[in-house]
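> One structure is given below, represented as structure tokens, and several questions about it will come after.
The values are calculated or read from the model by the stated rules, or taken from the named source; none is laboratory data. All figures in this text were calculated on a predicted structure; none of them were measured in a lab. Cβ placement follows ideal geometry from the backbone for every residue including glycine, while neighbour counts extend to all protein chains displayed.
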Amino acid sequence: MFSGKLYLVMAMLGIIALVAGACTSQPGPLPSEVRDAAEARGVALSYLQAHVGDEAPSPGVDWQAQDVTPPGLVGSTTIEFTSGEWRVKVSYPVVPPENTVYQVVVSSVKLGWHWTGTVEYDGTVTEVSPFKQISEEDSQTIAEEFLRNSPTFTFDGIEDSLRLVETLYPDIEYAWSFIFTFESRHAGYGDRAGQIVAQVITPHEATITVEYGEVKSALMDEKWNMIEQKFIDGQGESPEGTMSVAELLANPVYDTEVRIYGEVGLLGELFCPCFELTSGGQKVQVWYDLMVENDGTERPAVSVQGINNGDRVIVTGELKGDGGTHYSKDDFWATVIVARY
């Protein structure tokens, strides 16, 4: 009878052990403390093996590591591991190990598989996006979420104005470029909290390219790098001591010398010695000759030699007030034009 009870106890213990084994999410020995990117990779891959099986890469294969942290980025590190067709990218802040949360992206360039999640110091895995093959629809969602979380949009983007207007197909597998348009309540880019900004509805166009489930490039209005949060080379706005056309028109200062910047348009195409200057989503007509005051005084002409449509220029001059005999209100009379800033 004693042996029968012993057998029953042992059987129950066996069942408990099986149930406990079935509940574990990570097979095999795992580090009790995750102290570097390689260990975070191993924990994430063990988690995937437990949940999706052999479709995920094995934690035990040989991985080649490379530091792919963007130049100039401080306070964070990104290590990319590759093995055959698989790639695991681990990003983490430079903080004490016990406070580190690793962001892990697992992908297959050849097969289009993609997974993202986080790994904490104690080995806890949190799935952010499930392990599945990349689709155009998923990539569009990634691009749109990136745009919605960008400082320019979160600062003053108008939610209902956001539209996907075109999708491009680069000659790369599992890659799409999505073109969105939206409007902001103020001029400028990025987080402008604490800055003096023109309160004017400003249209924007953002082109966001997603490759293998990751945002590879993001450019707004062909001038603002949304990833690095800065103007691309040669496209920087707000030269020192100047204002945009939008800022001038939002708070007009008449018959007083100011400096404005922008892009030249319609030069040589209008029936006047003038051109359009555009910045901040607004335009003003800049006159460089035939500037005649009401009393007949003529302003000296300003040379536009060497200036072409599409050039970015700084114009010193005056915004004219109530219309006169030879000009209209909000014409801008130039005294100096500096090309290609």
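> Considering S83, S58, S32, which residue is assigned by TED's automatic domain parsing to the domain that holds H114, at pLDDT below 95, over 28 Å from the mean Cα position of the chain (by Cα) and within 30 Å of E228 (Cα to Cα)?
Going through S83, S58, S32 in turn, the sole match is S83.
> Which members of segment 188-207 meet the condition of being within 19 Å of A218 (Cα to Cα) and either surrounded by 18 or more Cβ atoms within 10 Å (Cβ to Cβ) or among the β-branched types (V, I, T) (or both)?
The answer is G188, Y189, T202, H204, A206, T207.
> Additional query: If you scan segment 298-317, which residues turn out to be in a strand (DSSP E or B) and either of a type in the set (A, V, I, L, M) or under 16 Å from V258 (Cα atoms) (or both)? Don't jump to the end; show me each part of the working.
Filtering segment 298-317 for residues in a strand (DSSP E or B) gives 298, 312-317.
Those that are in a strand (DSSP E or B) and either of a type in the set (A, V, I, L, M) or under 16 Å from V258 (Cα atoms) (or both): V313, I314, V315, T316, G317.
> Scan segment 207-229 for residues that are of a type in the set (K, R) and modelled with pLDDT of 85 or more and jot them down. Before you say what the answer is, go through the steps one by one.
Filtering segment 207-229 down to residues of a type in the set (K, R) leaves 216, 223.
Of everything in segment 207-229, just one residue is of a type in the set (K, R) and modelled with pLDDT of 85 or more, namely K216.
> Give A20, A44 a once-over and let me know the one that is on the phi < 0 side of the Ramachandran plot, more than 29 Å from the chain's Cα centre (by Cα) and either among the small types (G, A, S) or modelled with pLDDT of 95 or more (or both).
Being on the phi < 0 side of the Ramachandran plot, more than 29 Å from the chain's Cα centre (by Cα) and either among the small types (G, A, S) or modelled with pLDDT of 95 or more (or both) holds for just one of A20, A44, which is A20.
> Give, as residue ranges, the strands (runs of 3 or more DSSP E) completely inside segment 88-141 that count at least 2 residues that are of a type in the set (S, T, N, Q) and buried (at least 16 other Cβ atoms within 10 Å of the Cβ).
By residue number, 101-108, 113-120.
> Can you pull out the strands (runs of 3 or more DSSP E) entirely within segment 201-297 that have at least 3 residues that are closer than 30 Å to V104 by Cα and either under 25 Å from the mean Cα position of the chain (by Cα) or in contact (Cβ under 8 Å) with a residue 12 or more places away in the chain (or both)?
Numbers: elements: 202-211, 214-220, 257-265, 274-279, 282-287.
Filter on segment 201-297 gives 202-211, 214-220.
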